[in-house]
Structure formats: C-alpha cells, structure tokens
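Below you'll find the structure, written out as structure tokens, and then a few comments.
Read the figures in this text as sums done on the coordinates, not as results from a lab. Please read all numbers here as calculations on a predicted model, not as lab measurements. Here the Cβ positions follow ideal geometry from the backbone for every residue, glycine too, while neighbour counts run over all protein chains shown.
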Amino acid sequence: QKEVEQDPGPLSVPEGAIVSLNCTYSNSAFQYFMWYRQYSRKGPELLMYTYSSGNKEDGRFTAQVDKSSKYISLFIRDSQPSDSATYLCAMSAIGTASKLTFGTGTRLQVTL
Amino acid sequence: SQTIHQWPATLVQPVGSPLSLECTVEGTSNPNLYWYRQAAGRGLQLLFYSVGIGQISSEVPQNLSASRPQDRQFILSSKKLLLSDSGFYLCAWSIAGSKETQYFGPGTRLLVL
C-alpha cells in the first residue's frame, strides 16, 4: 500500500464548476500538507500549504485537512480553463528535512 | 526573492553516455536541496537530498549520483546512462531548519536512446 493515494483521473469539468481533489494517507506522522499545480512540461508550483486540521482558503482555492480520517482535499471554485493541469498532493513529517511524500497526481481538464 | 534554475531544459543522450544536470538557487543561503525524477504519468520520486555542502543522502539505489560543490549548487550525474534513466528531472529547495515547503525548478527533460 502506498503511503499517499491519489486518484489519477483524468477529471473533466465544465468551466465554472466546483472541483474536489482528494488524497488519503496512511502515515500518522505526516503533519504538513501541500498542494502543487503542475502544467504540462513544467515544474510543480506550490498552491496551498497547511499544517492543521480544518480549512484554509486562498482566493478560489480551499485546502481541507482531516487528520483523524487521514484525508485531505483541495476545492477549486469557479473553475477556469487555466486551471487545467495536474494537481499533486504532498505531505511531510516533523524532523525529516522537509522530505515530501507525493501522491501520483490528478489530471484536471476544465472545458469551455 | 528566491529563484531556482536548472539546465539544460532538454537533453537527448545515447545509452552509456555520461550525464551532468545542474541546479542553482539564488536569493537564499544554506538551503536544503533535492533531486526528483518524474516518469510519465507517475508521481515524483525523491532521488537525493542535501542539507549542506558535501552532504548528500541517497533515497533510491541507482546508477545516478549527486554532488553539492557549493552552497547553492546541486549536480546530478551518471557515468553511464540507461534507457530507464529517461524522465523529467526536477530540482527543489527548501529553507533549512524550518517547516517550509519545497519550491521547484523548471525541470530537465532527459531522453535516453
């Protein structure tokens, strides 16, 4: 079993839809949670970073963490064609030199 | 502000040839540095990380090696490339000693023929 599981998609939604991207994890030592966006042939770009259970909002993006269920989500409101990319979840434990464990990524396509 | 550079952007090499990929970070001191490989349709695999000059930790046994000759320079090398070394190589940095996350470079696409 992988430490981090992420549905690979692809996920196709119409413009303006609310998108929900999810990851589950098995290592209870994970305390820091991140979402990255990766456009084709580019390096991942940090979108959201959180270390506590609950919600964190930044513009159209909301990151949600439920440590009791070992489940994290990224919600995208009013999705745009420019949101079409692969979304990677990542997480790390304390004292690991910021070593991240990544999900395999979910490919999102927002259509006009 | 901090920036991270990788070169070359794209590389096509024959099997058995050597490899040298370079990564440099600007605007910060003593960063943690990382090399990842991303195969098509797969997640990021951590290859090496470094917490200081000359300090390299290997995560996956392979025919690749890494070196950190200067504080903000990280090099990925191979003496003889294999077909299976093809992939997208990403360098990343993070602030040493903090809980900050990693920031990635633009990547190098390597095709071994």
Do we find a residue being surrounded by 15 or more Cβ atoms within 10 Å (Cβ to Cβ), of a type in the set (Val, Ile, Thr) and closer than 18 Å to A:Gly43 by Cβ anywhere in segment B:29-51?
no
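Conditions (1) under 18 Å from B:Gly97 (Cα atoms); (2) of a type in the set (Ser, Thr, Tyr); (3) over 10 Å from the mean Cα position of the chain (by Cα), marked per residue:
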| position | (1), (2), (3) |
| --- | --- |
| B:Thr3 | no, yes, yes |
| B:Gln6 | no, no, no |
| B:Cys23 | no, no, no |
| B:Pro31 | yes, no, yes |
| B:Trp35 | no, no, no |
| B:Gln38 | no, no, yes |
| B:Leu47 | no, no, no |
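With A:Tyr71, A:Tyr49, A:Tyr39 as the choices, which residue is under 30 Å from B:Pro8 (Cα atoms), aromatic (Phe, Trp, Tyr) and under 12 Å from the mean Cα position of the chain (by Cα)?
Numbers: A:Tyr71 fails: under 30 Å from B:Pro8 (Cα atoms); A:Tyr39 fails: under 12 Å from the mean Cα position of the chain (by Cα).
Being under 30 Å from B:Pro8 (Cα atoms), aromatic (Phe, Trp, Tyr) and under 12 Å from the mean Cα position of the chain (by Cα) holds for just one of A:Tyr71, A:Tyr49, A:Tyr39, which is A:Tyr49.
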Does A:Val110 satisfy the condition of being farther than 26 Å from B:Gly105 by Cα and either within 14 Å of another protein chain (Cβ to nearest Cβ) or of a type outside the set (S, T, N, Q) (or both)?
no
For residues that are part of a loop (DSSP other than H, G, I, E, B) and either under 13 Å from the mean Cα position of the chain (by Cα) or within 19 Å of A:Val4 (Cα to Cα) (or both), tally how many sit in segment A:74-94.
1
Looking at (1) in contact (Cβ under 8 Å) with a residue 12 or more places away in the chain; (2) more than 11 Å from chain B (Cβ to nearest Cβ), which is the only condition A:Lys56 fails?
(1)
Checking A:Glu15 against (1) surrounded by fewer than 16 Cβ atoms within 10 Å (Cβ to Cβ); (2) touching a Phe, Trp or Tyr at 6+ places or on another chain (Cβ under 9 Å); (3) more than 11 Å from chain B (Cβ to nearest Cβ), which single condition isn't satisfied?
(2)
Considering only residues that are part of a strand (DSSP E or B) and in contact with a Pro (Cβ under 6 Å, 6 or more places away or on another chain), look in segment A:19-65 and name the one that is nearest to B:Ala39 (Cα to Cα).
A:Gln38
Any residue in segment A:13-42 that is closer than 15 Å to A:Ser53 by Cβ sitting within a Cβ distance under 6 Å of a residue that is in a loop (DSSP other than H, G, I, E, B) and hydrophobic (A, V, I, L, M, F, W, C)? List the pairs, counting only those 6 or more apart or interchain.
A:Gln31/A:Ile94
